[in-house]
Each structure stands twice: as structure tokens, then as C-alpha cells.
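Submitted below is the structure of interest, expressed as C-alpha cells.
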Amino acid sequence: MNSPSRQRSAPAVAVVTVGLATVVMAMVGIIGSTACIRHPPTATPPPAPAPSSFAATVTIVPGERHQTLEGFGASVAWHQDKIVGAKVPAGLYDILFPQLGLDILRFRNRYQRSKPEDANLNEEVEILRRGTAALGHPPKVMLSSWAPPAALKADGHEDCHNNHDCTLAKENGHFIYQKFARYWADSLRHYAELGIVPDTITIENEPSFIPPTWEGCKFDPSETADYPGFDRALVAVHDELGRMSPPLGHPPRILGPEVLGVHWNLVQQYLGPMNINLVDGVAHHLYEKGPDGIWDWRNPGPDSFDAPMRGVAAATTKPLWQTEFQTDEDKGIDGGFETAWLIHLSLADEGVVAFLYWNLVWNFPGGLVPVEGSKYQVRDQYYALKHYARYTDPGDVRVGARSDAPAVRLTAFVSPAGDRLTVVMLNTGKQDADVRLDAGGFVFAREEGYLTVFRPGASQTWKTIDVGKTIALPSRAMATVVLWR
């Protein structure tokens with residue numbers, strides 16, 4: 001879990017004050033002895049009531065092609081024990097994998113951990129096996145390192161405590177990049193022996209900061225007197241993996257720099273000195289908190305991420321991955337709709353090929369499906385992700401999608417065979433919408449529709465809807481429409 005204080009630039013906010021017309025009584029005085037005649041004011045009609053709903057038309061442009069999806073996923077980086085063994089609630093794996101539509105499972109690299117609770121990597125083996133059985137095929141695996149083993153750290157500990165020396169160790173005055181690279185090669189060999197061969201790796205989770213209470217290892221974009229350079233660590237790991245003997249049968253793709261957010265040009269700062277040819281994708285997280293002490297997903301809200309996301313997209317031609325986000329401090333009931341909104345922005349405006357929520361399972365009330373013993377809870381954030389993941393697959397292509405109402409946001413995806421069109425729409429406005437869907441010439445034989453209305457503590461989730469001439473889309477609701485040829 002990641003929840004440090006972050007800073008962002010204060011967004012420019014236009015404030016418009018609209019006042020009610022003030023009617024001043026006209027008074028006409030007639031000079032005379034004591035005469036004063038007051039004319040009554042002209043009556044002002046009350047304002048017309050605002051319409052309870054508005055009409056919108058959304059149009060799909062199947063011939064307009066954008067990014068190809070890697071998929072949607074979540075992490076099981078801590079609390080693996082909650083979903084292994086005989087105590088797992090019946091049906092839970094079906095909820096976590098096929099019902100959600102999970103494509104990518106992100107693990108934490110626990111090789112050579114010093115903590116007793118991290119000694120059993122067979123937990124990951126069981127999770128992957130049971131997830132594969134539930135899905136009917138293996139999910140993609142991402143492996144991320146929060147910290148190298150304690151012996152490779154300057155402070156001798158995997159966990160950080162806001163300490164300046166929570167970084168890579170030095171020997172003879174030089175950072176031990178090569179030992180860090182060998183740790184990664186040894187990790188991948190060990191996981192492969194267990195039957196886990198990652199599709200992708202990130203060599204350091206959130207290298208841009210030092211955590212207050214959990215694992216971390218600070219890297220600057222390039223080497224300084226105090227910190228190793230992420231650029232040099234990337235070269236060392238890339239080259240070491242290329243020398244592995246015997247080589248892995250399925251060498252992982254490397255993503256980076258996986259910094260904690262997109263504000264303040266943080267991604268661009270790390271991309272600058274990197275050899276971009278050594279990574280297969282640019283990864284980052286979406287954690288931002290401003291000087292007001294409020295998480296940006298809540299205030300100023302999801303749209304405050306839009307310009308920084310576009311900045312990241314303009315900085316590279318590599319595929320973009322959003323590999324971690326959660327609605328911190330959401331009181332257990334907030335943040336479902338905001339999660340959906342951020343997924344939309346990530347897909348439509350930044351153009352990411354993958355979006356991963358932070359924790360798949362966690363303690364109550366966090367995660368997508370918090371688990372406690374034999375009990376679990378399916379949260380609103382689960383449905384926000386499900387609306388995108390359930391009826392899309394790796395290889396689907398995002399296609400053009402237009403809305404004539406700014407409040408109605410949408411994305412659309414076509415399957416590789418061209419036999420399925422999936423449209424996901426959100427109503428970010430304060431009024432309900434009646435939405436007409438124009439499939440843009442996509443000829444279909446059958447359709448399905450699902451709706452979630454996000455009301456903290458009382459949401460209506462994944463309700464089957466009739467896809468007729470119009471779709472009723474309440475304020476703070478999202479719908480997924482699936483059309484099959």
C-alpha cells in the first residue's frame with residue numbers, strides 16, 4: 001500500500017459567481033405638501049425549473065484506431081495468505097478472476113525476504129494456479145520490486161522509515177548496481193523454478209520517494225552523491241537479464257520508471273536520462289495529494305489529472321501503463337465513481353494500454369474485495385474496474401468514440417476478430433442523461449447492457465439494462481454495452 005504525502009501544482013480554477021437579479025423598488029416622489037406616491041415593482045417571474053435530465057448521443061467510429069490493450073488487473077503484493085488454503089470463501093476466485101475480467105496479476109518480488117511472513121512463495125504459486133483454473137487460462141503476471149534484500153540496502157533494512165539512507169548500498173564509494181542486477185536475475189530464476197514466469201517486471205516500485213513505514217529503495221533519475229541513478233540501474237538489470245544462462249524461455253518485458261504520480265513532470269524527469277530503448281513500456285502510478293492535504297482523486301477531482309496525463313503521453317512513443325492506484329482515505333464507501341473516471345481519462349486521454357488497481361484483496365474496508373476469514377465484501381471500486389475489464393480482452397483495440405454532451409464520457413473497444421464492440425460510458429454531470437447509442441455502422445446480432453449507479457454506501461451495482469433506443473444513465477453512473485456480430 002502506498003500513501004505518502006505528495007505535492008502537486010495548484011490547478012487553475014475559474015470561479016464564476018452567479019447572483020440573482022435584485023429588483024429595486026422604483027420610487028417616484030412628487031414634491032408637494034406631504035404627498036409621496038410609491039409605484040409597486042414589476043413582478044419578476046420565478047426561474048424555470050432545471051430539466052431533470054438531458055439528451056445525449058454517443059457515436060462510435062470503428063475505423064478510428066488507437067492503442068491495443070494489454071488488459072486490466074490488480075496486485076496481490078501483501079496479504080497473500082488471505083486467499084490461499086482451505087479457508088478461502090467458496091466462489092471467491094470466480095469473483096476475483098472471471099467475473100471481474102482480470103487480465104494481469106501483479107506480485108511483489110519476495111525473493112530473499114528477511115521477514116518471516118514473506119518466506120512462503122508457494123502462496124503466489126497457489127494464487128496463480130487457482131486464478132488460472134478460474135479463468136480457464138493463465139493471467140499475465142507482473143513482478144515488481146519494492147526493495148532489494150536488506151543486504152543490498154545502505155541502511156541494512158528492507159523497510160524505510162523516512163530515513164535518508166533507505167537506498168542502494170555502496171561498496172568502495174560506488175553504488176552496487178551489478179549486485180542489484182544479479183538479485184533480479186536470481187529472482188527470476190527462482191520464480192521460474194516455481195512455475196511463475198513474469199510477462200513484465202518493474203525493477204523498483206516508486207523509486208522517486210522514501211516510504212514512511214514500508215519497503216522502498218530510493219533512486220534519483222540519474223546518480224547523485226546521495227542516491228543511485230535509476231538510469232544506471234536499468235542498464236545493469238537489462239544487461240544482466242540478457243546474459244542469463246540458461247536464458248528464460250519467456251524473458252520478461254521491462255517497464256519503468258513506475259514513479260508514484262504524473263504531476264510535476266515526474267515521469268518526464270525520469271525519462272530524461274533513461275535509455276528508453278531498454279524498456280518495453282512506460283509505467284507510472286496515480287497517487288497525488290496537494291498542499292490542502294486532500295487526495296486529488298477527491299479534490300480537485302479526476303479531471304485535474306488530465307493535463308499531466310497528456311503530458312506523459314506527449315513525452316514518449318512507448319506503450320503507457322498505469323500500474324497502481326487506489327482511493328486512499330475513502331472511508332470505505334467513497335471513490336467508486338472517481339475510480340471509473342480516472343480509468344476513463346487514462347484510456348481516452350493518456351492512451352494507456354493497461355490499468356491496474358492497487359490491491360485485489362486487503363483488509364476491510366480497503367481493496368477491491370477485502371477478505372477477512374470466511375467473509376468478503378465486493379466494493380464499488382471493483383465494479384468501476386469490472387465495467388472496463390469484464391468484456392474486454394488483451395488485444396482489443398480502442399476505437400473512436402464521440403459524445404455530443406460533455407458530461408457523458410465514453411470509450412469503445414473492438415475485439416481482434418472484429419466480432420465484439422464494447423462501449424463504456426460515464427455520466428459525470430449533475431443531471432441524469434438519456435443516451436442514444438450510434439454504433440457507427442457496426443452490425444450486431446445481439447447486445448447486453450450493465451449499469452452501476454454510484455451512491456456511497458448505497459450503490460446499485462452491475463444491473464442488467466435494456467439496450468433500446470435510449471439508455472437511462474443517471475448522474476454518477478456508468479454503463480457497459482456489449483454488441484456482438
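The values are calculated or read from the model by the stated rules, or taken from the named source; none is laboratory data. This structure is a prediction, so every number in the text was calculated from the model and none was measured. Every residue, glycine as well, gets a Cβ built from its backbone with ideal geometry; the counts of neighbours run over all protein chains shown. These accessible areas exclude ligands, DNA and RNA; they are computed on the full protein's heavy atoms, side chains included. Shrake-Rupley method; radii C 1.70, N 1.55, O 1.52, S 1.80 Å.
Which residue, of S346, S304, S374, is open to solvent by 30 Å² or more (accessible area, probe 1.4 Å) and either in contact with a Gly (Cβ under 8 Å, 6 or more places away or on another chain) or among the hydroxyl-bearing types (S, T, Y) (or both)?
Result: S374 is the single residue among S346, S304, S374 that is open to solvent by 30 Å² or more (accessible area, probe 1.4 Å) and either in contact with a Gly (Cβ under 8 Å, 6 or more places away or on another chain) or among the hydroxyl-bearing types (S, T, Y) (or both).
Now a separate question. What number of residues in the stretch 220-231 are outside any helix (DSSP H, G or I) and surrounded by 24 or more Cβ atoms within 10 Å (Cβ to Cβ)?
1
Within the stretch 79-96, which residues are touching an Asp or Glu at 6+ places or on another chain (Cβ under 9 Å) and of a type in the set (A, V, I, L, M, F, W, C)?
The answer is I83, V84.
Now for a separate question. For the stretch 200-219, give me each residue that is of a type in the set (D, E) and either open to solvent by 30 Å² or more (accessible area, probe 1.4 Å) or in a loop (DSSP other than H, G, I, E, B) (or both).
Within the stretch 200-219, E204, E206 qualify.
Looking at T461, T422, T392, can you tell me which residue is over 30 Å from V88 (Cα atoms), out of contact with any Cys (no Cβ under 9 Å at 6 or more places or on another chain) and touching a residue at least 12 places away in the same chain (Cβ under 8 Å)?
Going through T461, T422, T392 in turn, just one is over 30 Å from V88 (Cα atoms), out of contact with any Cys (no Cβ under 9 Å at 6 or more places or on another chain) and touching a residue at least 12 places away in the same chain (Cβ under 8 Å): T422.
A further question on this structure: Restricted to the stretch 349-371, and to residues that are within 27 Å of V399 (Cα to Cα) and among the aliphatic types (A, V, I, L, M), which residue is surrounded by the fewest Cβ atoms within 10 Å (Cβ to Cβ)?
We begin by selecting, within the stretch 349-371, every residue within 27 Å of V399 (Cα to Cα); these are 349-358.
When the remaining residues are screened for being among the aliphatic types (A, V, I, L, M), the result is 352-354, 356.
Numbers: V352: 28, V353: 20, A354: 26, L356: 27.
Across the stretch 349-371, the extreme among qualifying residues is V353.
Restricting to strands (runs of 3 or more DSSP E) lying wholly in the stretch 403-485: which have 2 or more residues that are open to solvent by 60 Å² or more (accessible area, probe 1.4 Å)?
Where strands (runs of 3 or more DSSP E) fall fully within the stretch 403-485 and carry at least 2 residues being open to solvent by 60 Å² or more (accessible area, probe 1.4 Å), they are 432-438, 446-453, 460-464.
Another question, then. Any idea how many residues of the stretch 331-378 are under 13 Å from the mean Cα position of the chain (by Cα) and not in a helix (DSSP H, G or I)?
Qualifying residue count for the region: 13.
Within the stretch 377-400, restricting attention to residues that are crowded, with 24+ Cβ neighbours inside 10 Å and among the small types (G, A, S), which residue is farthest from P456 (Cα to Cα)?
My answer is A389.
When only residues in the stretch 258-273 that are touching a strand residue (DSSP E or B) at 6+ places or on another chain (Cβ under 9 Å) and over 24 Å from H344 (Cβ atoms) count, which is most open to solvent (accessible area, probe 1.4 Å)?
Going through the qualifying residues, I end up with Q269.
Here is a further query. Looking at the stretch 78-96 only, could you name the residues that are surrounded by fewer than 23 Cβ atoms within 10 Å (Cβ to Cβ) and of a type in the set (A, V, I, L, M, F, W, C)?
Initial filter on the stretch 78-96 (surrounded by fewer than 23 Cβ atoms within 10 Å (Cβ to Cβ)): 78-81, 84-95.
Within the stretch 78-96, W78, V84, A86, V88, A90, L92, I95 qualify.
Among what's in the stretch 232-257 and is touching an Asp or Glu at 6+ places or on another chain (Cβ under 8 Å) and in a helix (DSSP H, G or I), pick the residue that is surrounded by the fewest Cβ atoms within 10 Å (Cβ to Cβ).
Result: R232.
Within the set of pairs 6+ apart or on separate chains, which have a first residue in the stretch 185-211 that is touching a residue at least 24 places away in the same chain (Cβ under 8 Å) and at positive phi, a second that is aliphatic (A, V, I, L, M) and in a loop (DSSP other than H, G, I, E, B), and C-beta atoms under 9 Å apart?
Partner pairs satisfying both residue conditions: E206/L260.
Here is a further query. Taking the stated definitions as given, is I276 under 26 Å from the mean Cα position of the chain (by Cα) and open to solvent by less than 30 Å² (accessible area, probe 1.4 Å)?
Spelling it out, it is not the case that I276 is under 26 Å from the mean Cα position of the chain (by Cα) and open to solvent by less than 30 Å² (accessible area, probe 1.4 Å).
Now for a different question. How many of the residues making up the stretch 130-178 are under 30 Å from L92 (Cα atoms) and surrounded by fewer than 17 Cβ atoms within 10 Å (Cβ to Cβ)?
5
Shifting gears a bit: Based on this model, can you work out whether K318 counts as out of contact with any helix residue (DSSP H, G or I) (no Cβ under 7 Å at 6 or more places or on another chain), in a loop (DSSP other than H, G, I, E, B) and open to solvent by 10 Å² or more (accessible area, probe 1.4 Å)?
No; evaluated as a whole, the condition is false for this residue.
Can you run down the residue pairs with Cβ atoms below 7 Å, 6 or more apart or on separate chains, where the first is in the stretch 432-443 and within 14 Å of T470 (Cβ to Cβ) and the partner is of a type in the set (F, W, Y)?
The qualifying pairs are A433/F54.
What number goes with the only condition from (1) in contact with a Leu (Cβ under 9 Å, 6 or more places away or on another chain); (2) more than 15 Å from G71 (Cα to Cα) that V352 does not pass?
Every condition holds for V352 apart from (2).
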